[in-house]
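Engineer: First the structure, then my questions, so here it is.
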Amino acid sequence: MPVLGGDDLVDLARRLRAADTGGWREDGVGRLVAGLGWERAGDVVRTGLPSGDARLRPVGKYESDHVRGEEYVGLYVPIAVAADPAVKADAFRRAAHELTAALGPSPIMGSYGGLSTFYDSTPRWGAPFRRWRGHPDSLELQAGEAGPELVLFPTDPTENWFWRQRHGEAYALDGFFGTDRSAANGGLSIPGMWRTDDWEVFHTTLTCFLRSLPAEVRALGIELSLAMHALIPGTYGPWVFHLACDADTLELAVFEQEDVDLAKYDLPSLGWTATADAPPSHEHDEFTRVAYHSGPHRLGEVDGLRLAGLLVETAKAFGIESPQGLSLVDHAQSIDGYHVDFFGLTLRENP
């Protein structure tokens with residue numbers, strides 16, 4: 001696997017952060033590339049690195065509304081090339097560890113899901129990112145199609161695009177976005193959560209959210225434990241569903257209920273496995289017993305469509321009128337010192 005790591009990666013990251021990009025205009029970008037000791041061939045940058053050539057991203061149709069004089073919105077430098085999603089995730093995680101040791105924790109982390117900045121599509125293996133926010137430029141470790149990339153970009157156009165997605169229409173944002181309390185995030189504006197009252201829309205976005213989640217949490221070095229309140233008619237919205245995801249597997253669960261007779265819904269006919277027949281692969285929650293689970297879906301093999309359908313059809317069977325009858329439990333949005341907005345899940349904690 002061609003890879004750039006260790007002192008070479010850290011040195012490159014520091015040089016990128018210290019570079020004068022000249023407002024990302026043509027002459028400034030030319031000086032940036034020359035200062036790195038590289039050569040341009042149009043928008044391709046010959047780096048001589050073992051991980052391959054870099055590329056410049058010029059301002060185009062979808063970038064033009066968000067720039068103020070910039071002619072380019074990023075320099076993308078591949079740092080590892082691999083075929084297997086787990087190998088790509090591990091390469092990302094190693095690079096993040098090395099960069100964190102040198103630069104400090106990234107003030108922002110998350111996943112772009114299926115929709116990246118300026119309406120880009122994202123790699124099928126996953127879309128994790130860690131961002132060292134700065135002004136006028138930011139440095140980001142993000143997923144490329146072939147593996148992780150180190151990206152230098154002007155901060156304002158990216159954040160301008162992100163903020164404008166606050167209109168709240170379906171599919172406006174995807175994935176999840178986490179921020180810490182560091183001073184680097186001063187002045188950062190985060191769009192509000194978009195919601196839907198349509199089960200079909202929720203099914204679609206949940207499918208995308210789930211399908212690469214194990215690779216993303218593996219790359220980011222985190223775990224997700226997301227319990228959900230469900231507003232079942234006749235109840236006060238107990239904890240019902242749970243999503244557990246670690247570096248290897250993803251699993252959904254249904255908790256036992258004191259005031260809901262789960263047996264009458266015949267959940268095995270919907271695709272759930274009774275815990276009495278086979279134990280779940282995750283603990284899910286130390287205080288609440290799991291009655292049914294989906295079984296583990298391994299990294300690179302997640303059937304997002306099936307898992308999303310399992311949750312949706314069960315919620316509908318319970319009589320929940322719309323996805324707005326679901327919400328995250330308290331503290332679910334606190335992950336390893338970050339406050340995380342789960343845009344692709346379309347759910348947040350109860351106010």
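Engineer: Against the definition (out of contact with any Gly (no Cβ under 8 Å at 6 or more places or on another chain), charged (D, E, K, R) and in a helix (DSSP H, G or I)), how does Asp197 come out, yes or no? Walk me through how you get there before you give the answer.
Structural biologist: Working: out of contact with any Gly (no Cβ under 8 Å at 6 or more places or on another chain): yes; charged (D, E, K, R): yes; in a helix (DSSP H, G or I): no.
Judged against the criteria, Asp197 is not a match.
Engineer: Something else now. Could you say which residue among Arg131, Arg181, Arg211 is open to solvent by 50 Å² or more (accessible area, probe 1.4 Å) and over 24 Å from Pro323 (Cα atoms)?
Structural biologist: Result of the check over Arg131, Arg181, Arg211: Arg181.
Engineer: Just for the range 49-79: of the residues that are of a type in the set (Asp, Glu) and part of a loop (DSSP other than H, G, I, E, B), which one is least open to solvent (accessible area, probe 1.4 Å)? Write out each step before concluding.
Structural biologist: Going residue by residue through the range 49-79, those that are of a type in the set (Asp, Glu) are 53, 63, 65, 70-71.
Cutting the leftovers down to part of a loop (DSSP other than H, G, I, E, B) gives us 53, 63, 70-71.
Values: Asp53: 65, Glu63: 14, Glu70: 34, Glu71: 87 Å².
Top of the filtered list is Glu63.
Engineer: Also: Filter the range 107-116 for residues that are crowded, with 24+ Cβ neighbours inside 10 Å and either part of a loop (DSSP other than H, G, I, E, B) or of a type outside the set (Gly, Ala, Ser) (or both) and give the result.
Structural biologist: Of everything in the range 107-116, those that are crowded, with 24+ Cβ neighbours inside 10 Å and either part of a loop (DSSP other than H, G, I, E, B) or of a type outside the set (Gly, Ala, Ser) (or both) turn out to be Met109, Tyr112, Gly113.
Engineer: Just checking, which of Ala82, Ala41 is of a type in the set (Gly, Ala, Ser) and surrounded by 18 or more Cβ atoms within 10 Å (Cβ to Cβ)? Step through it out loud before you land on a result.
Structural biologist: On the way: Ala41 fails: surrounded by 18 or more Cβ atoms within 10 Å (Cβ to Cβ).
After applying the criteria, what remains is Ala82.
Engineer: Continuing with the same structure: Residues in the range 22-37 that are acidic (Asp, Glu) and in contact with an Asp or Glu (Cβ under 7 Å, 6 or more places away or on another chain): how many? Talk me through it step by step, then tell me what you get.
Structural biologist: The initial filter retains those residues of the range 22-37 that are acidic (Asp, Glu), namely 26-27.
With in contact with an Asp or Glu (Cβ under 7 Å, 6 or more places away or on another chain) added as a condition, the list becomes 26.
The total comes to 1.
One line per residue, one yes/no per condition, for (1) on the phi < 0 side of the Ramachandran plot; (2) touching a helix residue (DSSP H, G or I) at 6+ places or on another chain (Cβ under 8 Å); (3) not assigned by the TED database to the domain that holds Thr155:
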{"site": "Ala13", "(1), (2), (3)": "yes, yes, no"}
{"site": "Gly23", "(1), (2), (3)": "no, no, no"}
{"site": "Val33", "(1), (2), (3)": "yes, no, no"}
{"site": "Arg46", "(1), (2), (3)": "yes, no, no"}
{"site": "Asp53", "(1), (2), (3)": "yes, no, no"}
{"site": "Tyr62", "(1), (2), (3)": "yes, yes, no"}
{"site": "Gly69", "(1), (2), (3)": "no, yes, no"}
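Engineer: Arg17 versus (1) basic (Lys, Arg); (2) free of Cβ contacts under 8 Å to residues at least 40 places away in the same chain; (3) assigned to a helix (DSSP H, G or I): which is the lone unmet condition?
Structural biologist: Looking at each condition in turn, Arg17 falls short on (2).
Engineer: Is there any pair linking a residue in the range 223-243 that is within 16 Å of Glu258 (Cβ to Cβ) and free of Cβ contacts under 8 Å to residues at least 40 places away in the same chain to one that is crowded, with 17+ Cβ neighbours inside 10 Å and among the hydrophobic types (A, V, I, L, M, F, W, C), with Cβ under 9 Å and at least six apart or on different chains, and which?
Structural biologist: From the range 223-243, the pairs are Gly234/Val260; Thr235/Val260; Pro238/Ala230; Pro238/Ile232; Pro238/Phe255; Pro238/Val260.
Engineer: Looking at this structure, is Tyr292 aromatic (Phe, Trp, Tyr) and surrounded by 15 or more Cβ atoms within 10 Å (Cβ to Cβ)?
Structural biologist: Working: aromatic (Phe, Trp, Tyr): yes; surrounded by 15 or more Cβ atoms within 10 Å (Cβ to Cβ): yes.
Criteria met by Tyr292.
Engineer: Applying the selection to the range 121-152, what residues are assigned to a strand (DSSP E or B) and in contact with a helix residue (DSSP H, G or I) (Cβ under 8 Å, 6 or more places away or on another chain)?
Structural biologist: Pro128, Arg130, Trp132, Asp137, Ser138, Leu139, Leu141, Ala143, Pro148, Leu150, Leu152
A quick yes/no check of all residues on (1) out of contact with any Pro (no Cβ under 9 Å at 6 or more places or on another chain); (2) surrounded by fewer than 17 Cβ atoms within 10 Å (Cβ to Cβ); (3) among the aliphatic types (A, V, I, L, M):
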residue: Ile222; (1), (2), (3): yes, no, yes
residue: Cys245; (1), (2), (3): no, no, no
residue: Leu252; (1), (2), (3): yes, no, yes
residue: Ala274; (1), (2), (3): no, yes, yes
residue: Ser281; (1), (2), (3): no, no, no
residue: Asp303; (1), (2), (3): yes, yes, no
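Engineer: Is it true that Arg40 is touching a strand residue (DSSP E or B) at 6+ places or on another chain (Cβ under 9 Å), in contact (Cβ under 8 Å) with a residue 60 or more places away in the chain and farther than 18 Å from Asn160 by Cα? Show your work before the answer.
Structural biologist: Numbers: touching a strand residue (DSSP E or B) at 6+ places or on another chain (Cβ under 9 Å): yes; in contact (Cβ under 8 Å) with a residue 60 or more places away in the chain: no; farther than 18 Å from Asn160 by Cα: yes.
The answer is no for Arg40.
Engineer: Also, I was wondering about something else. For the range 230-268, give me each residue that is among the β-branched types (Val, Ile, Thr) and in contact with a His (Cβ under 8 Å, 6 or more places away or on another chain).
Structural biologist: Listed by number, the residues that qualify are Val240, Thr249, Val254.
Engineer: Right, next: Being in a helix (DSSP H, G or I) and over 22 Å from Phe343 (Cα atoms): is that true of Ala95 here? I'd like the intermediate steps shown before the answer.
Structural biologist: Values: in a helix (DSSP H, G or I): yes; over 22 Å from Phe343 (Cα atoms): yes.
So Ala95 passes the test.
Engineer: Mind listing whichever residues of the range 256-292 are of a type in the set (A, V, I, L, M, F, W, C) and touching a helix residue (DSSP H, G or I) at 6+ places or on another chain (Cβ under 9 Å)?
Structural biologist: First, the residues of the range 256-292 that are of a type in the set (A, V, I, L, M, F, W, C): 260, 262-263, 267, 270, 272, 274, 276, 278, 287, 290-291.
If the condition is that a residue be of a type in the set (A, V, I, L, M, F, W, C) and touching a helix residue (DSSP H, G or I) at 6+ places or on another chain (Cβ under 9 Å), then Leu267, Leu270, Trp272, Ala274, Ala291 are the ones that fit.
Engineer: May I ask you to list pairs of residues, at least six apart or on different chains, whose Cβ atoms are under 7 Å apart, with the first in the range 302-319 being over 14 Å from Tyr265 (Cβ atoms) and charged (D, E, K, R) and the second being surrounded by 20 or more Cβ atoms within 10 Å (Cβ to Cβ) and at pLDDT 95 or above?
Structural biologist: Final answer for the pair search is Asp303/His297.
The values are calculated or read from the model by the stated rules, or taken from the named source; none is laboratory data. Every value quoted in this text rests on a predicted model; they were computed, and no experiment measured them. Virtual Cβ from ideal backbone geometry, glycine too; neighbours counted across all protein chains shown. Heads up: the accessible areas ignore ligands, DNA and RNA and are worked out on the full protein's heavy atoms, side chains in. Shrake-Rupley method; radii C 1.70, N 1.55, O 1.52, S 1.80 Å.
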